[in-house]
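What follows is a set of notes on a single structure, which appears directly below.
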Amino acid sequence: MKNIVLTGIGGQGTVLAAKVLAQAAQSKGWHVRTAETIGMAQRGGSVVSHVRMGDEGERVAAPLVSRGQADVLISFEPGEGARMCGVLKPEGALVTASRVVQPVTASLSKATYEANSVLRALVAREGSTVIVDERPILEEVGNAKCLNMILLASAVATGALDLSLDELKGAVRACVKPRFAEMNMRAIDVAYRNMH
């Protein structure tokens, strides 16, 4: 069983990324269950997606990943990653974007969001942590809406996900509207290349 949790802020593409992972697993003949929890705001609220894959022929009974049971946590925003780290197994892999997005609650309270301390805490955790500097990749691709594909490709490149680059791309073709497919493929290729 492979348990994956994706977390981010509304509008970052977390739900689409979970759909792509589920499609990739299904194309391998694996049984898959997914679930999402979406925060108060459509844009700016917390989003958490669970993807459970029966990668050794198991049937997946429940869609939610229990605390301490995730093999992989993919974080679209470091603060959301820090908040969700408890879902990871001690040896679990964390793949996170480096760019912080100040939470709505911090904006309202005028609190300072200590981004550097969040990133330091993520690096200090037990298990592997990969911090992806998505800025140069987004600049090369030319579209800020590709963060989800950059993180998925980075997770594949580091071996955190048991998927090949071709399996990821096939799932993107199946899930993404044709007019956006080329942009997403380019983001995957650039991110994968940058991780090697």
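Observations on the structure shown:
- Residue identified as closer than 20 Å to ILE74 by Cα and of a type in the set (A, V, I, L, M, F, W, C) among ALA181, ALA115: ALA115
- Some residue of the range 13-23 being modelled with pLDDT under 95 and closer than 24 Å to GLY127 by Cα: yes
- Single residue of the range 122-152 satisfying the filter (among the charged types (D, E, K, R) and touching a helix residue (DSSP H, G or I) at 6+ places or on another chain (Cβ under 7 Å)) that is modelled with the lowest pLDDT: ARG125
- Residue tally, condition aliphatic (A, V, I, L, M) and open to solvent by 20 Å² or more (accessible area, probe 1.4 Å), over the range 66-88: 2
- Among the conditions (1) of a type in the set (D, E, K, R); (2) more than 28 Å from LYS2 (Cα to Cα); (3) touching a residue at least 24 places away in the same chain (Cβ under 8 Å), the only one that GLU126 does not satisfy is (2).
- Any hit, the range 34-56, residues being within 28 Å of VAL101 (Cβ to Cβ), of a type in the set (S, T, N, Q), open to solvent by less than 20 Å² (accessible area, probe 1.4 Å) and out of contact with any Phe, Trp or Tyr (no Cβ under 8 Å at 6 or more places or on another chain): yes
- Inclusion of THR96 among residues that are among the β-branched types (Val, Ile, Thr), in contact with an Asp or Glu (Cβ under 6 Å, 6 or more places away or on another chain) and at pLDDT 95 or above is not warranted.
- Those residues of the range 131-143 which are aliphatic (A, V, I, L, M) and under 14 Å from SER98 (Cα atoms), in sequence order: ILE131, VAL132, ILE137, LEU138
- Applying the criterion of at least 2 residues that are under 18 Å from the mean Cα position of the chain (by Cα) to the helices (runs of 4 or more DSSP H) found wholly in the range 96-196 leaves 115-124, 134-141, 147-157, 165-175, 178-194.
- Any hit, the range 168-186, residues being touching a Ser or Thr at 6+ places or on another chain (Cβ under 9 Å) and either open to solvent by 20 Å² or more (accessible area, probe 1.4 Å) or at pLDDT below 90 (or both): yes
- Among the residues of the range 1-18, those that are within 13 Å of the chain's Cα centre (by Cα) and crowded, with 21+ Cβ neighbours inside 10 Å comprise ASN3, ILE4, VAL5, LEU6, THR7, GLY8, ILE9, GLN12, GLY13, THR14, ALA17, ALA18.
The values are calculated or read from the model by the stated rules, or taken from the named source; none is laboratory data. Every value quoted in this text rests on a predicted model; they were computed, and no experiment measured them. Backbone-built Cβ (ideal geometry, glycine too); neighbour counts: all protein chains shown. All accessible areas refer to the heavy atoms of the entire protein, side chains included, with ligands and DNA or RNA removed. Shrake-Rupley method; radii C 1.70, N 1.55, O 1.52, S 1.80 Å.
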